[in-house]
Amino acid sequence: MNGTDQGTFRADADRALASQAAERRGEVEFLERLCRIERRQKDAAIEALKRSLSWRLTAPLRLAVEAAAALRRFVFPVPAPLRPLPPRPASSLFAAPEELARQRAAAPRGGLSFCVAVPLSDPSDARLSALRDSLLAQTFPAWELCAVDSSGPEDAARHERILREDAAAGDRIRFSRAAGGVADRLSAAVGLSAAPLVLVLGQDDLPAPDALFRFAEAFASAGDPAFVYASGLLVRDGFRFDPSSVRDVVSVLPRPDFSLDAFRGHDFVGRGFACRRARLEAAGGFRAEAGSAATTDLLFRLCETAGGGPAHIAAPLLADAAPLVPVVQDGASAEARVADARRALEAHLARTGFEARVETPSPGRAFFRVRPPRPDPAPLVSIVIPNRENPNVLETCVRSILSRTLYPNYEVVIVESGSSKPETFALYDRLSEDPRVRVVRFPKRPDEPFNYSKKCNFGAAQCRGEFLLMLNSDTEAVLPDWMDEMLGFAARPDVGVVGALLLFGNATVQHAGLRHRPGGLPDHIERSAAALSPGRMGRLLHVQEYEAVTFACAMVRTSVWAELGGLDESFAVAFNDVDFCYRARARGLKVVWTPFATLFHHESLVRGSDFAGPNRARFLGEIAHLRERWGGLLARPDPFFDDLAFTSLPGIR
């Protein structure tokens, strides 16, 4: 390496180190800000306790306020479109007896049969009996239990006796004892049977009576899926798949339809999946070098083989199939399990040619961040910010972008619409001194009603960038690499829209993606959760694919924006972003949400609430419009948010 090359190398290294240092500083500042918010909230709570006398003295006033509120609800009831859907009854967790009888009367489909592969390692006798009984209760009779035990000779002999002690099992029990890791025992278990389908279970998993029938049905109807998995339940010992056992359900374990981006961030399938033997062999089987991540490693390779993609059954077919636990831990430490899972992910990225750096943002947890390199040269990103008055709010937004964003090539296009205050235009002049900021005037008539979609479309038409970033003026950037993170997904040809994690000013979640319940309306996921909480099933810790995200902060390729015709202006305020995302998905494009692009969003600080005053009638009209256009989609289950999550369980609020 000559002197010039050495100088270039050092300069590149210095820039990379400076960028990483800026990212770390930004993260530290963000965490410190969250701590300050939490400290203020705790101090306020303590002060409220100190003033408890006034709380008692004002009791009559509070009663009067509550009475007034009740009267208001009586006189002005909540319109039906805004009422939340009722929770799912706990009885929906179990197949009806009539359905189970129908399945038992049906013949096995297409000669299909299962090898139920279970690696054993010192299981409890009670759970082993429960596993045997749950298989004997299956409505699909064509199965063989293939168990390989790493326990000592005496314990293994007892385990075999337990599995065989019910005569109804007949010759369907295959048992052997073998040392080795998870992969070795699973490989040995699969070798004990010639069945064309393989169902991988953990030793504590209990399949529902209709589990094998539903899995076989999926293979018969879906052709050649890479693998099939289902949602599940977390249960106490003694649980049986029967309504009388509902109080033994600790929690539901809803799983989304498969998304490779989400799976790269975290193995949400875990144990309890089925695949064809031929597909398993084509993928190379279980690999011992994968360690405790043997099943995760296999699932990646099954996705990479020729054939269909993974299939999800949105029903609780497995009990105790917790996704955060590998098939068998084998005494491996949390750090070792995370390291094994990370190696499985990195091997998958290498095999598929996906250039990216893998990070572990949650120490001790197998949740990962996949970071592709910044495009070189960096494309221009145009940030569109509609605005009317509120100069202080806008200044906070724009200054946060200019001072905290590491990405080097962007422009800020402020769409001015109807402001009249001198301080607003004085701010425009100050901001425009930065060459990255432009102000364009939206040609609005004095009597023209507020239409956010028109403003966004007008602003997008004035932009020069290869990418558009729609941003509300009441947002505030907090992490330096937020734009890099969004661009990493938006630059992919299979992605249409990228959303961000938005927090209220009190450090709770405002937006983490949008979902709907069948027959309901799109709503925010994990709303009001603590900013640093993992969310249900860890969904706030890794990238997700959703049906829609809010355009309070969303990135879109300019070509996609043009192809879809921008925002539909018939949705003046609400649901324009939802409609755009639905149209993008209808074109085969993904809608991705990432928690690693985080901003504060002081929601409706500028235009007010959709539920009050004259906005209410407009909002109800847009609800009707959304149902008219997307009623079929809204009537179906959300593929990325299992409605199982809304099950009402006894004793759980």
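Here segment 247-318 and segment 403-417 have alpha carbon centers that stand 41 Å from each other.
Candidate cross-link partners of K454 among the aspartates and glutamates, defined by an alpha-carbon separation under 14 Å and a same-chain spacing of 8 or more, comprise E416, D568, E569, D577.
Which values, in whole Å and largest first, are the semi-axes of the equivalent ellipsoid of segment 552-599 obtained as the square root of 5 times each eigenvalue of the Cα gyration tensor? Intermediate values should be presented prior to the final figure.
Details: eigenvalues 65, 42, 20 Å².
Over the Cα atoms of segment 552-599, the ellipsoid semi-axes are 18, 14, 10 Å.
Here's the list of aspartates and glutamates a cross-link from K421 could span, going by alpha-carbon distance under 17 Å and ignoring same-chain residues fewer than 8 apart: E389, E395, D429. Rounded, prolate or oblate: pick one for segment 173-243, where a ≥ b ≥ c are the square roots of the eigenvalues of its C-alpha gyration tensor, a/c under 1.5 means rounded, and failing that, prolate if a/b is larger than b/c, else oblate. Since a/c reaches 1.5 but b/c is at least a/b, the shape of segment 173-243 is classed as oblate.
Probe radius 1.4 Å, ligands and nucleic acids ignored: give me the carbon and sulfur share of the accessible area of segment 337-469 as a rounded percent. The value for segment 337-469 is 50 percent carbon and sulfur by accessible area. Could you tell me whether segment 325-463 comes out rounded, prolate or oblate from its Cα gyration tensor? Rule is a ≥ b ≥ c as square roots of the eigenvalues, rounded for a/c under 1.5, then prolate if a/b exceeds b/c, otherwise oblate. The shape class here is prolate. Is segment 493-647 rounded, prolate or oblate when judged by the Cα gyration tensor, a ≥ b ≥ c being the square roots of its eigenvalues, rounded requiring a/c under 1.5 and prolate requiring a/b larger than b/c? Judged from the Cα gyration tensor, segment 493-647 comes out rounded (a/c under 1.5). Taking only protein heavy atoms and a 1.4 Å probe, the accessible area of segment 522-646 is 56% carbon and sulfur.
Would you mind working out the accessible area per residue for segment 263-411, using a 1.4 Å probe, and quoting it in Å²?
Numbers: 5630 Å² over 149 residues.
With all protein chains present, segment 263-411 gives 38 Å² per residue.
Using only the C-alpha atoms, the convex hull of segment 464-564 corresponds to 129 Å³ per residue.
Each part reduced to its alpha carbon centroid, segment 444-458 and segment 474-532 end up 25 Å apart.
Per residue, the Cα convex hull of segment 378-457 amounts to 92 Å³. For A548, nonlocal amide neighbours, meaning residues 5 or more places apart or on other chains whose placed amide H falls under 5 Å from its own, are L514.
The values are calculated or read from the model by the stated rules, or taken from the named source; none is laboratory data. Nothing here was measured: the structure is a model prediction, and the numbers come from that model. Surface areas here come from the heavy atoms of the whole protein model, side chains and all, with no ligands, DNA or RNA. Shrake-Rupley method; radii C 1.70, N 1.55, O 1.52, S 1.80 Å.
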